[in-house]
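Asker: Below you'll find the structure I mean.
The values are calculated or read from the model by the stated rules, or taken from the named source; none is laboratory data. On a predicted model such as this, the values are computed, not experimentally measured, just so you know. Here the Cβ positions follow ideal geometry from the backbone for every residue, glycine too, while neighbour counts run over all protein chains shown.
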Amino acid sequence: MLSYWERESFLSYDHIIIGGGIVGMSTALSLRQRYPAASILILERGLLPTGASTRNAGFACIGSLTEILDDLRTMTAAQVVDLVAMRRRGLRRLRDRLGDEAIGYVENGSYELITDGEVVALDHLYHINDLLRPLLGSDAFSRCDDRIGQFGFGPSIRHLISNDHEGQLDTGRAMRALIAKCLHGGIEIKTGANVTAIEEESHYAGVQVAHSHIGERVTFRARKVAICTNAFTDKLFPGLDIQPGRGQVLITKPIPGLRIKGVFHFDQGYYYFREVDGRILFGGGRHLDFDGERTDVFAHSALILSDLRSKLAGIILPHTDFEIDYTWSGIMAFGSDKVPMIQQHSPHVYLGVRMGGMGVAIGSEVGERLASLMTDTCAW
Ligand SMILES: Cc1cc2nc3c(=O)[nH]c(=O)nc-3n(C[C@H](O)[C@H](O)[C@H](O)COP(=O)(O)OP(=O)(O)OC[C@H]3O[C@@H](n4cnc5c(N)ncnc54)[C@H](O)[C@@H]3O)c2cc1C
């Protein structure tokens, strides 16, 4: 049984956020700006955040040329521009909130590698620049084939496109800076707190967490609860339009004299690599086995890791000796379209989920919009 003191002082909050990834912490910080005196609690099931936010590639991206062309197959031009705008606003908010130094933000530019099979994308470069120019103020994409030799890519790369509107950050430092900002703002964070159910009561939502040492469930209460559990939302609210998508990543040991700087994509963004501390971080390949990677289990795919190894040797580092140091996976969330889900779910419960492969870019903006929705709406 909980003690009198625990019941009186530990269970009731103004706002509870479930999920301690970039969206959960951004939502908490946006709520804090609106409610300086409110009690705000983040419940995170992992010892560390355990989804995508500490496992990604740290690209600060608005989208590559072939990714935007692919988006235009399923979205209107206005929707595509809106999504690029959201990515830009999110990155601006993250940088303003934490500072470039704290998050290791650098604008080394980004590049897309174009193989023979994708040369047709170049025919659309001017059109896509025209589409985005009113938003960006200048051209997004320009050809820079002369730099292929400078980076030393393999012969299958026929063209290179640069984008001056993208950068990179240090994912670990950015997440630590978010945690520090939350703690400094009086936001409580409880880790190891796996929420198993949420129950609507008339004046609040009850949030249940197992308390293994006393062998019972603890119910926290708040008038407003934000669900920021991204790919794992289905466990709390089955049936939403959210599917998990696992991403595989490898990192090499430091490579002396590495010439690659900046962030790079190819194949509609399905592959991505960058330099970090003199190493190459390389991830992607989910499209090789969409069914197998539609999972929220953190594990390796031999098929995809073998593909990544062969592309690393054949395309990215064809003339360089390297050793793979280790690999990991992270879990993203996708739906029938690319737009994140930001909505009121029930009287006291709100959702900010389904970030796709863009959460570093859009996460802070999603948190802001979710906090604004929680502020503007009353319980039903
Ligand atoms: C390999 C990889 C590379 C990526 N690269 C990039 C990139 O370069 N640029 C980019 O913009 N995006 C990238 N992304 C996507 C980006 O990382 C995600 O979109 C973003 O981190 C999602 O943030 P989130 O807070 O919504 O979700 P998450 O980071 O998944 O956070 C959700 C949190 O909720 C917690 N949780 C879940 N269920 C419960 C529960 N029941 N109780 C308590 N806590 C719970 C989880 O433990 C987790 O910590 C990448 C993703 C991956 C996997």
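Asker: Please enumerate the residues belonging to region 350-369 that are more than 10 Å from the ligand (Cβ to nearest atom) and not charged (D, E, K, R).
Answerer: Listed by number, the residues that qualify are TYR350, LEU351, SER364.
Asker: Would you say GLY109 is over 20 Å from ILE22 (Cβ atoms) and within 16 Å of the ligand (Cβ to nearest atom)?
Answerer: yes
Asker: Taking region 221-266, which residues are within 10 Å of the ligand (Cβ to nearest atom) and within 30 Å of PHE322 (Cα to Cα)? Before the answer, list the steps.
Answerer: Of all residues in region 221-266, those within 10 Å of the ligand (Cβ to nearest atom) come to 227-236, 244-249, 263, 265.
Once the filter is applied, which keeps residues that are within 10 Å of the ligand (Cβ to nearest atom) and within 30 Å of PHE322 (Cα to Cα), region 221-266 yields GLY245, ARG246, GLY247, GLN248, VAL249, VAL263, HIS265.
Asker: Quick one: which residue in GLY262, GLY247 is on the phi > 0 side of the Ramachandran plot and touching a Ser or Thr at 6+ places or on another chain (Cβ under 8 Å)? Break it down into steps so the answer makes sense when it comes.
Answerer: Working: GLY247 fails: on the phi > 0 side of the Ramachandran plot.
Result of the check over GLY262, GLY247: GLY262.
Asker: Looking for something within 11 Å of the ligand (Cβ to nearest atom) and over 30 Å from GLN79 (Cβ atoms) - is there at least one such residue anywhere in region 331-348?
Answerer: Within region 331-348 (the criterion being within 11 Å of the ligand (Cβ to nearest atom) and over 30 Å from GLN79 (Cβ atoms)), the answer is no, since none of the residues qualifies.
Asker: When you scan region 327-344, do you find a residue that is surrounded by fewer than 19 Cβ atoms within 10 Å (Cβ to Cβ), hydrophobic (A, V, I, L, M, F, W, C) and more than 22 Å from ALA226 (Cβ to Cβ), even just one?
Answerer: Scanning region 327-344 turns up at least one residue that is surrounded by fewer than 19 Cβ atoms within 10 Å (Cβ to Cβ), hydrophobic (A, V, I, L, M, F, W, C) and more than 22 Å from ALA226 (Cβ to Cβ).
Asker: Looking only at region 130-142, count how many residues are surrounded by 14 or more Cβ atoms within 10 Å (Cβ to Cβ) and either closer than 24 Å to LYS261 by Cα or touching a His at 6+ places or on another chain (Cβ under 9 Å) (or both).
Answerer: Of the residues in region 130-142, 5 are surrounded by 14 or more Cβ atoms within 10 Å (Cβ to Cβ) and either closer than 24 Å to LYS261 by Cα or touching a His at 6+ places or on another chain (Cβ under 9 Å) (or both).
Asker: Shifting gears a bit: Could you please find all residues in region 241-257 being under 13 Å from ALA57 (Cα atoms) and assigned to a loop (DSSP other than H, G, I, E, B)?
Answerer: If the condition is that a residue be under 13 Å from ALA57 (Cα atoms) and assigned to a loop (DSSP other than H, G, I, E, B), then no residue fits.
Asker: Enumerate the strands (runs of 3 or more DSSP E) found wholly within region 258-347, keeping only those where 2 or more residues are polar (S, T, N, Q) and more than 22 Å from ILE148 (Cα to Cα).
Answerer: 324-334, 341-346
Asker: Which pairs do you get when a residue that is under 14 Å from ARG294 (Cα atoms) and modelled with pLDDT of 95 or more, found in region 231-249, comes within reach of a residue that is within 7 Å of the ligand (Cβ to nearest atom) and part of a helix (DSSP H, G or I), reach meaning Cβ atoms under 6 angstrom, with the pair 6+ apart or on two chains?
Answerer: PRO244/ALA231
Asker: Any idea which residue in region 168-204 is surrounded by the most Cβ atoms within 10 Å (Cβ to Cβ), counting only those that are part of a loop (DSSP other than H, G, I, E, B), of a type outside the set (Asp, Glu) and in contact with a helix residue (DSSP H, G or I) (Cβ under 7 Å, 6 or more places away or on another chain)?
Answerer: Out of the qualifying residues, it is LEU169.
Every residue, every condition in (1) under 19 Å from the mean Cα position of the chain (by Cα); (2) surrounded by fewer than 15 Cβ atoms within 10 Å (Cβ to Cβ); (3) acidic (Asp, Glu), yes or no:
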residue	(1), (2), (3)
GLU8	no, yes, yes
ARG32	no, no, no
PRO49	yes, no, no
GLY58	yes, no, no
ILE62	yes, no, no
THR66	no, no, no
ASP71	yes, no, yes
ARG88	yes, no, no
ARG97	yes, no, no
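Asker: Would you confirm, using the coordinates I've provided, whether ILE148 is under 25 Å from the mean Cα position of the chain (by Cα) and either of a type outside the set (D, E, K, R) or part of a loop (DSSP other than H, G, I, E, B) (or both)?
Answerer: In short, no.
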